[in-house]
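A short write-up of the structure that comes next.
The values are calculated or read from the model by the stated rules, or taken from the named source; none is laboratory data. Nothing here was measured: the structure is a model prediction, and the numbers come from that model. Cβ atoms come from the backbone with ideal geometry, glycine included; neighbour counts cover every protein chain shown. Keep in mind that these areas ignore ligands, DNA and RNA; they rest on the heavy atoms of the full protein, side chains included. Shrake-Rupley method; radii C 1.70, N 1.55, O 1.52, S 1.80 Å.
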Amino acid sequence: MSVEKPKIVFVLGGPGAGKGTQCSRIVDRFQFTHLSAGDLLREERSREGSEFGNLIEDYIRNGKIVPVEVTCSLLENAMKASGKSRFLIDGFPRNQDNLDGWNRQMSEKVDFQFVFFFDCGEDVCVKRCLGRGQSGSGRTDDNLDSLKKRISTYNNDSLPIIKFFEGAGQVKRIDASPDAEEVFGEVEKIFVASGF
Ligand code: ADP
Ligand code: C5P
Ligand code: MG
């Protein structure tokens, strides 16, 4: 018996570009399950008895990318636990280590669709993250000090991954600077055109 592999869309973009916001809209409109690597890491950080709690907090506060063995296992476990078959993987792969680990552990087990790239200028990203911090996100990295590090990690480590996928013709780019409603209009068109 052949079992269909789960369909995967990677969702990438700078910190505060609106990945989470758009993913929850996609979930409401299309049959997708949203898995945010950052959310899964924050959950693992707070899990009683986790051996990775301190490490994750240090990486998050300093805008560094947690070793893929941790993140990829959280993603795989969440996929299995959901029992679902279409996933938005938000905030992953964020560097070469993430991509290599995914290719080792997961790429054969899934049906990769495309990368959604929410393209947003640095100033807008910073403003949105600071706004999120002020409106009570409780995140230890929505402050200017961490944001500088997160932006630098994004430029140095994440953009090359997006460029790699672009070279393979696998990126759907969206201008993420307009308001959330307008951005979703574009997102919706792409999902419909892709047969979802
Ligand atoms: P990401 O997951 O990419 O870090 P979020 O979806 O959490 O970004 O959005 C970051 C902040 O910006 C949140 O406070 C959110 O409400 C706000 N936001 C998201 N999209 C937009 C948008 N298109 N215009 C203005 N603010 C937005
Ligand atoms: O995507 P999000 O903004 O929630 O990510 C917050 C932080 O979680 C990142 O800055 C990084 O420290 C960590 N993270 C990671 N690896 C990922 C995604 C997020 O280490 N693939
Ligand atoms: Mg997010």
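Please identify the pairs in which a residue from the range 57-78 that is without any contact (Cβ under 8 Å) to a residue 60 or more places away in the chain has its Cβ atom under 7 Å from the Cβ atom of a residue that is small (Gly, Ala, Ser), counting only partners at least 6 apart or on another chain.
68/101; 69/101; 71/37; 72/101; 75/37
Do you know which of the residues in the range 138-167 that are within 13 Å of ligand 1 (Cβ to nearest atom) and over 17 Å from the mean Cα position of the chain (by Cα) is surrounded by the fewest Cβ atoms within 10 Å (Cβ to Cβ)?
138
Which members of the range 63-88 meet the condition of being under 24 Å from residue 160 (Cβ atoms) and open to solvent by 50 Å² or more (accessible area, probe 1.4 Å)?
64, 69
Which pairs turn up if I take residues in the range 90-104 that are assigned to a loop (DSSP other than H, G, I, E, B) and more than 16 Å from ligand 3 (Cβ to nearest atom) and look for partners that are modelled with pLDDT of 95 or more and not hydrophobic (A, V, I, L, M, F, W, C) with beta carbon separation below 8 Å, at least 6 apart in sequence or on another chain?
Pairs found: 95/153; 95/157; 95/158.
Quick check on this structure: which one of 174, 151, 161 is of a type in the set (A, V, I, L, M), closer than 15 Å to residue 115 by Cα, out of contact with any Ser or Thr (no Cβ under 9 Å at 6 or more places or on another chain) and within 16 Å of ligand 3 (Cβ to nearest atom)?
Residue meeting the stated conditions: 174.
Would you confirm whether any residue within the range 106-119 is more than 22 Å from residue 78 (Cα to Cα), at pLDDT 95 or above and out of contact with any strand residue (DSSP E or B) (no Cβ under 8 Å at 6 or more places or on another chain)?
No, every residue in the range 106-119 fails to be more than 22 Å from residue 78 (Cα to Cα), at pLDDT 95 or above and out of contact with any strand residue (DSSP E or B) (no Cβ under 8 Å at 6 or more places or on another chain).
What about residue 91, is it within 12 Å of ligand 1 (Cβ to nearest atom), of a type in the set (Gly, Ala, Ser) and open to solvent by 20 Å² or more (accessible area, probe 1.4 Å)?
Answer is no for this residue.
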